[in-house]
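Peer 1: This is the structure I have questions about; it appears just below.
The values are calculated or read from the model by the stated rules, or taken from the named source; none is laboratory data. Everything quoted here is computed from the prediction, not taken from an experiment. Ideal geometry is used to build each Cβ from the backbone, glycine not excepted, and the neighbour counts take in all protein chains shown. Side chains included, ligands, DNA and RNA excluded: accessible areas come from the protein's heavy atoms. Shrake-Rupley method; radii C 1.70, N 1.55, O 1.52, S 1.80 Å.
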Amino acid sequence: MCGICGVVGREDRGLVETMSTCQTHRGPESVGIHSTMGVTLGNQRLRVIDVEGGDQPIYNEDGDVVVVYNGEIYNFRELRSALDAAGHDFTTDTDTEVLVHGYEEWGPDLFGRLNGMFAIALFDETEERLLLARDRAGIKPLYYAYVDGVLLFASEPKAILRSPDIRPAVDGDALSYFLQLRYSPSHTTLFEGIETLLPGTYIDVRKADGEWTTDTTRFWSLQDAIDDPPDDPVTAVQNALRNAVDRQLVSDVPIGFYLSGGLDTSSVVALASEISDDPIHTFCMGFEDQQWDERKSARVVADHFDTVHHEISMDQTFLRDFPQMIWHADEPKRNLYPYYVAKEMAEHVTVALGGLGADELFGGYAYRYDRLADIESLRATEVDARALTQTVGERAVRTQLRRGALEDDGDLENATVLGHLDDDARVYVLLNSTDVVGNEAFYETRAFGDALPANSPGDRISETWPPNADTSLRERALGWDFQVKLSDDFLLVEDRMSMAHSLESRVPFLDNELVALAFSLPLSQKFDTESGGPTVGKRVLREAMRDKLPESVFQKDKQGFTMPAYRFAKDELLDYAADILNNPHIAREGYVQQSYLDALIDRPPQRDLTPHYKLLWKLVGLEIWYQMYILDGAEGPKQLDAYYT
């Protein structure tokens, strides 16, 4: 695992050294720079495979193809065998070297052959050609910016901001999306002029007539993965997951496992315990609030597989550490608490395997898909009845926003969904997460200031990933969960909070073989609607793991890795919000209404205000982020009280 960065359009070793140093946490064990022909590449390495011989940059036999990359290629041995047979000479045992020889053999088609997580920068000196590529699911990040004919790229935006040519500024559209969703979809970031390379995409940068030109190509899309389903889905899923875990156990350094006691992490631990002869180290973080504490469930699974189990208790220190988390995330996200479990894991291991991605592949959010099924039923009603339903929903929203109290806004989601009954992307956004309070009308009326556009994230999502008209609403939502929310929200958190502590985090459920299999399956293999009770998600995965896991796993209710928002607001958030949002820059600059902040802060805690507390949490983070990046020029985090206003 590494941090990469570079400059194309001028040789600038000094700037790349500064950019690399900014990402030392991603790879503290070695640094490498390559600078020639108007291109400078940098790498900070965390040594995982071929510890002694795999430092980057890595070159081909002639030294005219060079690569720096972040990630792991799990099928590198198979690729190496093919390249050996084709006559290529290898000088290391690292997975990185297959990239330079693979490019020589297959050109950009190499990227479609890779099974792994990666962000790659590869320069061909002979062709004066640079390729930037990102893995299919977007597990590893890659950001870029164009400034006066120069291309800058890095694993994290903060490294790009080290360039004196870039002045940190807010991207208003991206911030609007972020405050509504908790992430910004598509290629946008909160920084004006800095974009993220979309998953499954590469940028081809070539020099022609003295100028560098760029062309962007999708080398993989979700539609490429869809094939005919297997005759025996249960056995196929069990075998594919076992193969994925086996592939991702390759390492020359110690490995640990996230464990919540739920189906996803428990499945990975179960299969790893069958495959590996090494002791299995498992890690779980818990909360004082028993409703959200998973330590008891995790303990049952740990005992069942006789793991070396570690527990971390989450105390009231989140906001104290919030500036540090925001610095590593480069975003004021509220779901950064995996920072703590990653910190504990890094004390014992260098690599961590988890269960992220199973919900998106196999339909883990069953309660939300029940809602989507209800909407499909409403759409099937007579045209006049459907139009009346939408009119009622729209009227209820207008009435609530005009005269309703904040504590009654919990009904806005249902009413707004009815008002957008025929709009797939907007319905998806409204049901996307518990962070969403209503549509853009809510944010414009209640919360956003004049400087912030109240635009619709649904429009951006449907433009970037057009829905397949031949699929159901639930199937489209599953696709968007994988293509949008997974990479822009969950995987971003997974990468940044683990890399904050120089911990490599792997996601076996996002193995190429398993992704292709999962999206070939019909909904009936993902949702169990026949038991007479509530719909249960991940049906085929449950059946595949039935004989391998203790019964407690299957009795456990679905619970995301999350902090209890109301209790956090009552015990910690509101007190700090009173200091940080007293006269904040984000209100003075017109991004948020001061009256909205005061209405939440100046009253006793109320459980009915929980949706607003989630937005308030992000706004506290936004003020810290704004001071840290926009006012202080991305110089780094300070103590929490330095951000009081």
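Peer 1: Provide the descending list of Cα extents for segment 533-645 along its principal axes, expressed in whole angstroms.
Peer 2: Principal extents (Cα only, largest first): 58, 35, 23 Å.
Peer 1: Moving on to the next point. Per residue, how much accessible surface does segment 48-154 expose to a 1.4 Å probe? Answer in Å², no decimals.
Peer 2: Ligands and nucleic acids excluded, the figure is 32 Å² per residue.
Peer 1: Treat every Asp and Glu Cβ in segment 366-467 as -1 and every Lys and Arg Cβ as +1, leave all other atoms uncharged, and give the resulting dipole magnitude about the Cα centre to the nearest 20 debye. Show your work: numbers first, answer last.
Peer 2: Numbers: 11 positive and 20 negative charges, 30 e Å.
Once rounded to the nearest 20, the dipole reads 140 debye.
Peer 1: Still on this structure: May I ask for the net charge around Leu152, where only other residues with Cβ less than 15 Å from the Cβ of Leu152 are counted and Lys, Arg are +1 while Asp, Glu are -1?
Peer 2: Every neighbour counted, the sum reads -4.
Peer 1: Still on this model: To the nearest 20 debye, what charge dipole does segment 441-480 have about its Cα centre, counting +1 at the Cβ of each Lys and Arg and -1 at the Cβ of each Asp and Glu? Provide the component values of the computation, followed by the final result.
Peer 2: Values: 4 positive and 6 negative charges, 31 e Å.
Here segment 441-480 has a charge dipole of around 140 debye.
Peer 1: Here's a follow-up. Across every pair of different alpha-carbon atoms, what Kirkwood hydrodynamic radius in Å does the chain reach?
Peer 2: On the way: mean 1/r = 0.0392 Å⁻¹.
It works out to 25.5 Å.
Peer 1: Same structure again: Quick one: check the C-alpha center-to-center distance for segment 106-165 versus segment 492-551, whole angstrom.
Peer 2: Cα centroid of segment 106-165 versus Cα centroid of segment 492-551: 29 Å apart.
Peer 1: Right, something else. Hey, what D do you get for segment 372-456 in µm²/s if you plug the Kirkwood alpha-carbon radius into Stokes-Einstein at 4 °C and 1.567 mPa s?
Peer 2: 97 µm²/s
Peer 1: Just to make sure I understand: if all protein chains stay in place, what is the order of Asp165, Asp571, Asp489, Asp470 by accessible area at 1.4 Å, largest first?
Peer 2: So the residues, ranked largest to smallest area, are Asp470, Asp165, Asp571, Asp489.
Peer 1: What is the sum of charges around Leu523, taking Lys and Arg as +1, Asp and Glu as -1, for the other residues whose C-beta is under 9 Å from the C-beta of Leu523?
Peer 2: Net of charged neighbours comes to +1.
Peer 1: Still on this structure, please answer the following. If you take the charge dipole of the chain about its Cα centre, with +1 on Lys and Arg Cβ and -1 on Asp and Glu Cβ, which of Leu401, Gly149, Phe554 is farthest toward its positive end?
Peer 2: Of the options given, the answer is Leu401.
Peer 1: Can you compute the FRET efficiency between Asp227 and Asn583 using 1/(1 + (r/R0)^6), with r the Cβ-Cβ distance and R0 = 45 Å? Round to the nearest 0.05.
Peer 2: The pair Asp227/Asn583 has a calculated efficiency of 0.20.
Peer 1: With point charges of +1 on the Cβ of Lys and Arg and -1 on the Cβ of Asp and Glu, referenced to the Cα centre of segment 535-616, which listed residue (His585, Tyr613, Ala544) lies farthest in the positive direction of the dipole?
Peer 2: Checked the options; the winner is Ala544.
Peer 1: Can I ask one more? Compare the Cα positions of Ser273, Gly261, Val392 along the charge dipole of the chain (+1 at Cβ of Lys, Arg; -1 at Cβ of Asp, Glu; about the Cα centre) and return the one farthest towards the positive end.
Peer 2: After comparing all options, I get Val392.
Peer 1: Also, quick follow-up: When each pair of different Cα atoms in segment 1-61 is counted once in the 1/r mean, what is the Kirkwood radius in angstroms, to one decimal?
Peer 2: When all Cα pairs of segment 1-61 are included, the Kirkwood radius is 11.6 Å.
Peer 1: How far is the Cα center of segment 323-360 from the Cα center of segment 238-292, in Å?
Peer 2: 15 Å
Peer 1: Under a point-charge model restricted to the Cβ atoms of Lys and Arg (+1) and Asp and Glu (-1), what is the dipole moment magnitude of the chain relative to its Cα centre, in debye to the nearest 20?
Peer 2: 1760 debye
Peer 1: Stokes-Einstein D for segment 316-460 at 4 °C, 1.567 mPa s, Kirkwood Rh over Cα pairs, in µm²/s?
Peer 2: The diffusion coefficient I find is 71 µm²/s.
Peer 1: Say the cut-off is 30 Å between C-alpha atoms; which of Lys158/Lys538; Lys296/Lys570; Lys158/Lys207; Lys538/Lys570 go over it?
Peer 2: Distance filter (> 30 Å) returns Lys158/Lys538; Lys538/Lys570.
Peer 1: With all protein chains present, calculate the accessible area of Tyr591 using a 1.4 Å probe and round the result to the nearest 10 Å².
Peer 2: Spelled out: Tyr591, probe radius 1.4 Å, area about 40 Å².
Peer 1: Please compute the per residue accessible area over segment 419-502 with all protein chains in place, 1.4 Å probe, rounded to a whole number of Å².
Peer 2: That works out to 29 Å² for each residue.
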